[in-house]
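Participant: Would you mind keeping the following structure in view while I ask a few things?
Every read-out reported here was derived from the displayed coordinates using simple, explicitly stated rules and does not represent laboratory data. Only a predicted model underlies this, so the values are computations on that prediction, with no experimental measurement involved. We place every Cβ from the backbone using ideal geometry, glycine too, and count neighbours over all the protein chains shown.
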Amino acid sequence: MSVAVHGEVHGGGVADHIHPEPQTFVRKYIFSIDHKIIGIQYIITSFVFMGLGGLLAELIRVQLMHHSGALVNPDTYNELYSIHGSTMVWLVIIPLLTGGFGNFVFPLQIGARDVAFPWLNMVSFWIFPPAGLMLYSSFLMGAPVAGWTEYPPMSLQGAAGTSMWAAAIFLIGVSSTMTGINFLVTLLKMRAPGMTFTRMPLFCWAQFATAPLLMIATTALGAALAALFIERQFGVPFFDPTKGGSPVLWQHMFWFYSHPAVYIMILPAFGMISEILPTFARKPIFGYKMIAFSSVAIALLGFMVWAHHMFTSGLAPWLQLPFMILTFFIAIPTGIKIFSWLTTLWGGKIQFSTAMLFAVGFIATFTFGGITGVFLAAVPFDLHAHGTYFIVAHLHYVLVGGSLMAILGGVHFWYPKMSGRMMNETLGKWTFWLFFIGFNGTFIPMHWLGLLGMPRRVATYDPQFQTWNIVATAFSFVMTAALLLFFINALYSLRNGRKAGPNPWNARTLEWQIPSPPPYYNFKHVPAVFAAPYDFAEPLPYRGLEGELDPSVPAPVPAGH
Amino acid sequence: MALASSSYPVAGAQTHGEVDRLYAETRDLRLNGFLLFMVSDLVLFSSFIFAYLYLRNSGQGWPPPGINRLDVAFAAFNSVVLFGSGTTMHFALENWKHGHFMKYANWLIATIVLGVTFLGGQGYEYYTLMARLHHTWSGSGIFGASFFTLTGMHGLHVFAGVCFLTVLLMQSVMGKYTPQKYFGLTAGTLYWHFVDVIWVLLFSIFYLI
Amino acid sequence: MDIVRLERVVAVVGAIVVAAAALVALKNDWKTPGLENQVFKVMLGLLALGAVLALFAAIGVLGNFGGKA
């Protein structure tokens, strides 16, 4: 059968990428080379770090309950927010979206049996937890105090933990670079026969736009971190102005990575939303090609806008203008996506499952955060709002209200595929509403505080800001409660959830056409693909999947490895 | 078959029939992966080059006050050594593809010798700068930071390349590769060319402008 | 013949040989298919360029040629 299919369909696909069945517990669950297990390992590790980072966030909020600082001294406060930001960016959002969901979902969606370099994938993962522990070990020797951006000269004067921070983030960068290379080769070379680029699911397109960012931007960050490390440990002057270096150089090097990095943190989330919305609206995604190409456009533009973080750093005025205009341009592909999603919902037969609630909530909060982003791109407004809580509000709207919201939706969506069991929908809806209300209650007041001039990264503040800070802290506990409920639901459903079956949502991408959880070889026959997966009126556009759910069809055996 | 219609590139004297399907598939993946690794390594160098150009243009001219000019003549000599090793490596791979084992081995050994010569030359240059002129890594401001970091990073890459080529030589003597299956040699050649090309860039920005 | 002059002469001769060899190799390989050969071609071209630059540096046309060090 499969040979006949190959004969009919042109293009791509690697047929023999089957591993032998893992025999021992260690090979199966710990040092696994299976992309699905590695993806789940990433997800679990990242959620553990999210617990730690969330604890730090709550400590920050408790500190800010009183204008003179309710909990810790200013130096400790600096350590708290620096590690909170570093954790959430590098140990939570990026690994969840790329290493976690990327690893688990997209090889299944393109009909591959694994990523291109499974062993490298394992190495990428196993760099990550030790690097995270290194980051946290910096508390023992004096954690970094200059925020997640670690601007010199303050980062040059910080305690020894700053060097540890640089080393840890460097290692995470190496891991991300390897993941990016792995994903890009997989997407280029291992699509199933017939899966042309314009037949790929949109999550794959999102990963395809993200992988080069991981590969290129992260290496640029590696250079900056290496320079910082060398300067701190060996006194080689890159950034110290007293020795001829330039602190602004760090900002250029850092943001050349970190601006693309914000798209690393949002593009896969866009991809998740593009999968969840059509599935629960029972309607083809609107503007498939526009959504796909706008991801690539965002990724390209993302490399040309880094200096909009530096409008107050003494950038030449003739440079500020192009960076401002290019930043505005990013709103165009993003707007294309938002409108395409809204049009997908229009006239659909919408089922408000928990995943769908998170996806719709994502559209609302992300659009809000995106609009404040357009404000901040304007130089005159940025000069006013720079370094205030308006920035904090903006970045949390896009990273928590955007990325994290999509991740929570993605967990509810793909949990049945990963575990074979459904999550509890009642608990899930409680999670969503508590999270949505808690999140907005926490961060909306920060816009007002920022416009009034409350500076970020300071342990105390003027008494006039007291009221809204108490409100924000109170709502932050609601958000924490929602996340606790989410963890309880995920753990409880692992044993007690309803059996999911292969395709509980009636979704149409390839991962839903095989058993839940998928077997180690993914597909018995690599299927042939005839169309993009979103046309809900048509039969499934695949051939060669007949034996996947039939236990009497034997597992494929590796050929000649 | 899927393979017949895919765009598997065939090097030199090979034909599809001589290479088995499994090798062709994994080779294709590894080639793409290796090229992307080179791209990300290029970005690493580019970031430091950006830092160097930024610092160079932020100070009071170049070389900074109190720093001697670099020895262009010697650098040109040393560069020619490294560029020469690039062509010898090319001849080595060509001979391997055509099955001329002894010629291959000789060209590869010539490449390794030239690579080591380049490293020796760089060591001599460092000795002159550091021991005789007291221009050190951490003690001579942005000159030390940019020059020694970048050329040192390149030197480490050359050293890694020399090790890589030595391993390849031993592996090919022990019969790991055939004229049809030789991905390791392709990767070694790509890497060595990469190191050369980076040096074209570094040579231009440190010695010529 | 002092050491600097010797360096320059060796560099000039070597650069001509290397550039010629790289260009001949490039010409011979011009029509080879395959991804890695496309990369090889670009790199051989850059290698020839590098050799030419080194040539100009050695004869003192290009370069920051104070030569005090």
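Participant: Arrange A:110, A:391 by Cβ neighbour counts within 10 Å, fewest through most, would you?
Facilitator: Lowest to highest Cβ neighbour count: A:391, A:110.
Participant: Charges at C-beta only: +1 for Lys and Arg, -1 for Asp and Glu. How large is the resulting dipole of the protein assembly as shown about its Cα centre, in Debye rounded to 20?
Facilitator: Working: 42 positive and 34 negative charges, 128 e Å.
Here the size comes out at about 620 debye.
Participant: Separate question: Rounded to the nearest 20 debye, what is the charge dipole size of the stretch C:3-58 about its Cα centre when +1 sits on each Lys and Arg Cβ and -1 on each Asp and Glu Cβ?
Facilitator: Rounded to the nearest 20 debye, it is 140 debye.
Participant: When the Cα centres of the stretch A:238-274 and the stretch B:149-172 are compared, how far apart do they sit, in Å?
Facilitator: 31 Å
Participant: On a straight-distance basis, which aspartates and glutamates could pair with residue A:337 in a cross-link, Cα separation under 16 angstrom, same-chain partners fewer than 8 positions away excluded?
Facilitator: A:275
Participant: Right, another one. Determine Rg/Rh for the stretch A:104-180; Rg is computed over alpha-carbon atoms and Rh is the Kirkwood hydrodynamic estimate from the same atoms.
Facilitator: So for the stretch A:104-180, dividing Rg by the Kirkwood Rh gives 1.16.
Participant: When the C-alpha atoms of the stretch C:3-58 are aligned to their principal axes, what extent does each axis show, in angstrom, from largest down?
Facilitator: Per principal axis, max minus min of the Cα coordinates gives 45, 14, 13 Å.
Participant: Pick out, from A:274, A:295, A:252, the residue whose Cα sits farthest towards the positive end of the charge dipole of the stretch A:234-382, with +1 on the Cβ of Lys and Arg and -1 on the Cβ of Asp and Glu.
Facilitator: Value: A:274.
Participant: Taking amide H positions as placed 1.01 Å from N in the peptide plane, with prolines and chain starts having none, which residues 5 or more places from residue A:388, or on another chain, fall under 5 Å of its amide H?
Facilitator: Those qualifying (amide H under 5 Å, at least 5 residues apart or on another chain) are A:456.
Participant: Counting only trypsin sites (Lys or Arg not before Pro) that are in a DSSP loop and have at most 13 other C-beta atoms within 10 Å, tell me the longest site-free stretch of chain C.
Facilitator: Working: sites that count: C:31, C:68.
The longest uninterrupted stretch comes out as C:32-67.
Participant: To continue, here is another question. Applying the Karplus parametrisation 6.51 cos²θ - 1.76 cosθ + 1.60 with θ = phi - 60° to the phi angles of the stretch A:91-105, what ³J(HN,Hα) value in whole Hz is obtained for each residue in order, glycine and proline being reported as x?
Facilitator: Whole-Hz 3J(HN,Hα) from phi for the stretch A:91-105: 9, 10, 5, 4, x, 4, 6, 9, x, x, 5, x, 4, 6, 8.
Participant: Straight-line reach from residue C:27: which lysines fall under 24 Å, measuring Cα to Cα and dropping same-chain residues less than 8 apart?
Facilitator: Leaving aside lysines fewer than 8 places away in the same chain, those within reach of residue C:27 are B:97, B:103, C:41.
Participant: So for chain A, averaging the separation of alpha carbon pairs under 8 Å that are six or more residues apart and normalising by length, what relative contact order in percent results?
Facilitator: Details: 980 pairs, mean separation 102.3, N = 561.
Answer for chain A is 18 percent.
Participant: Which of rounded, prolate or oblate describes chain B when judged by the alpha-carbon gyration tensor and an a/c cut-off of 1.5?
Facilitator: prolate
Participant: Can you quote the Å³ per residue value for the convex hull of the Cα atoms in the stretch A:257-330, rounded to an integer? Could the numbers behind the result be given before it?
Facilitator: Values: hull volume 6.5 nm³, N = 74.
So the per-residue Cα hull volume is 88 Å³.
Participant: Mind checking the dipole of the stretch A:29-178: about its Cα centre, +1 per Lys or Arg Cβ, -1 per Asp or Glu Cβ, Debye to the nearest 20?
Facilitator: So the magnitude is around 240 debye.
Participant: Kindly identify the stretch B:13-130 as rounded, prolate or oblate by the Cα gyration tensor criterion: order the square roots of the eigenvalues as a ≥ b ≥ c, call it rounded if a/c is under 1.5, otherwise compare a/b with b/c, prolate if a/b is larger, else oblate.
Facilitator: oblate
Participant: Per DSSP H run of at least 4 residues, take -39500 (n - 2.57); add these up for chain C, divide by its residues and hand me the 222 nm value, nearest 500 deg cm²/dmol. Could the numbers behind the result be given before it?
Facilitator: Numbers: 2 runs with 50 residues, N = 69.
The helix-only estimate for chain C comes to -25500 deg cm²/dmol at 222 nm.
Participant: Using modelled amide H (1.01 Å from N, peptide plane; none on Pro or chain starts), what sits under 5 Å from the amide H of residue A:421, excluding residues fewer than 5 places away?
Facilitator: A:500
Participant: Arrange C:43, B:89 by Cβ neighbour counts within 10 Å, fewest through most, would you?
Facilitator: Going from least to most buried by this count: C:43, B:89.
Participant: Using helices alone, I'd like the mean residue ellipticity at 222 nm for chain A: each DSSP H run of four-plus residues gives -39500 (n - 2.57), total over residue count, nearest 500.
Facilitator: On the way: 18 runs with 334 residues, N = 561.
Counting only the DSSP helices, I get -20500 deg cm²/dmol.
Participant: Do any trypsin sites (Lys or Arg not before Pro) in the stretch A:490-561 lie in a DSSP loop with no more than 13 other beta carbon atoms within 10 Å, and if so, which?
Facilitator: A:498
Participant: Once every Cα of the protein assembly as shown carries one equal point scatterer and solvent is ignored, give the base-10 log of I(q)/I(0) from the Debye formula at q = 0.08, 0.09, 0.10 Å⁻¹, two decimals.
Facilitator: After summing over all Cα pairs, the log10 values are -0.77, -0.96, -1.15.
Participant: Among the GluC sites (Glu not before Pro) in the stretch A:487-561, which ones are in a DSSP loop with at most 16 other Cβ atoms within 10 Å of the Cβ? Mind listing them?
Facilitator: Answer in residue order: A:546.
Participant: DSSP loop (so not H, G, I, E, B), at most 10 other Cβ within 10 Å: list which chymotrypsin sites (Phe, Trp or Tyr not before Pro) in the stretch C:11-61 pass both filters.
Facilitator: C:30
Participant: At a threshold of 8 angstrom on Cα-Cα distance, excluding pairs fewer than six apart, so keeping six or more, what relative contact order does chain C reach in percent? Don't skip to the end; give the middle numbers.
Facilitator: Details: 43 pairs, mean separation 29.3, N = 69.
Relative contact order for chain C comes out at 42 percent.
Participant: Determine ³J(HN,Hα), in whole Hz, for all residues of the stretch A:471-486 in sequence, where each value follows from phi through the Karplus function 6.51 cos²θ - 1.76 cosθ + 1.60 and θ = phi - 60°; x replaces Gly and Pro.
Facilitator: Result, ordered by residue: 4, 4, 5, 4, 5, 5, 5, 4, 5, 4, 4, 4, 5, 4, 4, 4 Hz.
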